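These notes concern the structure reproduced below.
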Amino acid sequence: MNLKQLFTDDSAVSPVIGVILMVAITVILAAVIGSFVLNLGGSIQQSAPQASFNFEYDEATNNTTITHETGDSITASRLNVTSTASLDFVNSTTFEDVGGEISAGDTAQYNKTTDWAGETLRVVWTSENGETSATLSQSTAPNES
């Protein structure tokens, strides 16, 4: 065997590199296709719906009516109304009472035993898995004059 020919003969290098590259491409394609088929990235981020709510305060009855004005329909069980004050649900019609999908025109009514002056109400959406939430709308009640 000629030692000089052994070091200069590189005919076997190209097929080996070609096979390694083909295997790498096949593995990468299988991983990408598998992630789409199994929907592995589908539940990574649940984005909050876009919706606008209107708040109307009735000083005479201490009721507040919250109306879904525009935007996405939202499952009622995902909506929660929070306040810096305590809400009296006994005489209220909440979004959960409306049920189903809350869409434009749907209303909920909340009341309080005292006036709302300066209190802040928020409509909060919570994701299906409960890991994320977002304030969709908020309003501060006017101070009584």
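The values are calculated or read from the model by the stated rules, or taken from the named source; none is laboratory data. In this text, all values refer to a predicted model and were calculated from it rather than measured experimentally. Virtual Cβ from ideal backbone geometry, glycine too; neighbours counted across all protein chains shown.
Brief remarks on what is shown
- Per this entry, Thr132 is not counted among residues that are surrounded by fewer than 14 Cβ atoms within 10 Å (Cβ to Cβ) and modelled with pLDDT of 90 or more.
- Selection status of Ala104, within 17 Å of Ser139 (Cα to Cα), in a loop (DSSP other than H, G, I, E, B), hydrophobic (A, V, I, L, M, F, W, C) and in contact (Cβ under 8 Å) with a residue 12 or more places away in the chain: no
- Glu101 being modelled with pLDDT of 85 or more and surrounded by fewer than 17 Cβ atoms within 10 Å (Cβ to Cβ): yes
- Residue count for segment 21-31, restricted to those that are of a type in the set (Gly, Ala, Ser) and at pLDDT below 95: 2
- Filter result for the condition that a residue is surrounded by 10 or more Cβ atoms within 10 Å (Cβ to Cβ) and modelled with pLDDT under 80, over Gly42, Gly34, Gly18, Gly71: Gly42
- Candidate set from segment 108-129 (those that are surrounded by fewer than 19 Cβ atoms within 10 Å (Cβ to Cβ) and part of a strand (DSSP E or B)); member that is farthest from the chain's Cα centre (by Cα): Asn111
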